[in-house]
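Structure record follows, encoded as structure tokens.
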Amino acid sequence: MITKYIKMVKPFDVVIVFLLIVLSFLPTVIFAVQQTNKDNNNVYAVISINGEEVDRFLLTGNEEHRLITYYPAPGKYNIVEIDGERIRNKEDNSPYQIAVRRDWIQSPGETSLNLPHRLLIEIVTENPEESDIDVMAQ
């Protein structure tokens with residue numbers, strides 16, 4: 001039964017099947033190469049209050065643990081925790097604790113926003129012009 005199907009296969013059919021299998025792995029290879037190129041850029045955590053940058057921390061290669069307290073307005077506080085190459089809003093006195101529930105961020109493009117305190121933690125790369133998102137405005 002199988003010999004009947006083997007006789008139907010031509011040598012060029014084997015080449016085509018082999019090429020299709022190799023091409024099926026091409027997106028994985030391209031993605032891996034792009035990721036290694038991104039890893040060469042330094043990653044920063046930018047903390048802004050009311051739209052103005054307050055602090056910038058280098059996360060690439062960071063191994064220290066820090067707690068920093070910000071006072072965006074009288075009676076409001078945010079405790080930001082940096083642990084190695086990740087950052088989070090550990091504690092604040094906002095009513096719903098949404099930024100605290102956001103947990104750790106570490107990849108470029110991720111953000112943690114505390115709207116009542118107008119505090120933004122944003123992860124950016126060294127070369128912002130190489131972002132994954134292209135925006136066209138008219």
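The values are calculated or read from the model by the stated rules, or taken from the named source; none is laboratory data. As the structure is a computational prediction, the values presented were derived from the model and not from experiment. To get the accessible areas, we keep the full protein, side chains included, count just its heavy atoms, and leave off ligands, DNA and RNA. Shrake-Rupley method; radii C 1.70, N 1.55, O 1.52, S 1.80 Å.
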* Mind ranking 118, 66, 101 by accessible surface for me, highest first, 1.4 Å probe? => 101, 118, 66
* Asked: Given a 1.4 Å probe and every protein chain left where it sits, what share in percent of the accessible area of segment 1-56 is carbon and sulfur?
  -> 69
* Asked: Rounded to a whole number, what % of the accessible area of segment 65-121 do carbon and sulfur atoms account for, probe 1.4 Å?
  -> 50
* To do: Bin all alpha-carbon pair distances of segment 44-113 at 10 Å intervals from 0 and give each bin's fraction as a whole percent.
  => 20, 58, 21, 1
* Asked: So what is the accessible area of the chain per residue, in Å², with the probe set to 1.4 Å?
  -> 75
* Directionally averaged shadow of segment 1-52, computed from the convex hull of its alpha-carbon atoms, nm² -> 7.6
* Asked: How large is ³J(HN,Hα) for each residue in segment 117-123, as worked out from phi by the Karplus curve 6.51 cos²θ - 1.76 cosθ + 1.60 (θ = phi - 60°), to whole Hz, x for Gly and Pro?
  -> 9, 6, 10, 10, 10, 10, 9
* **Convex hull volume of the chain per residue (C-alpha atoms, cubic angstrom)** => 230
* With a 1.4 Å probe and every protein chain left in place, tell me how much accessible area residue 107 has, in Å² to the nearest 10. => 50
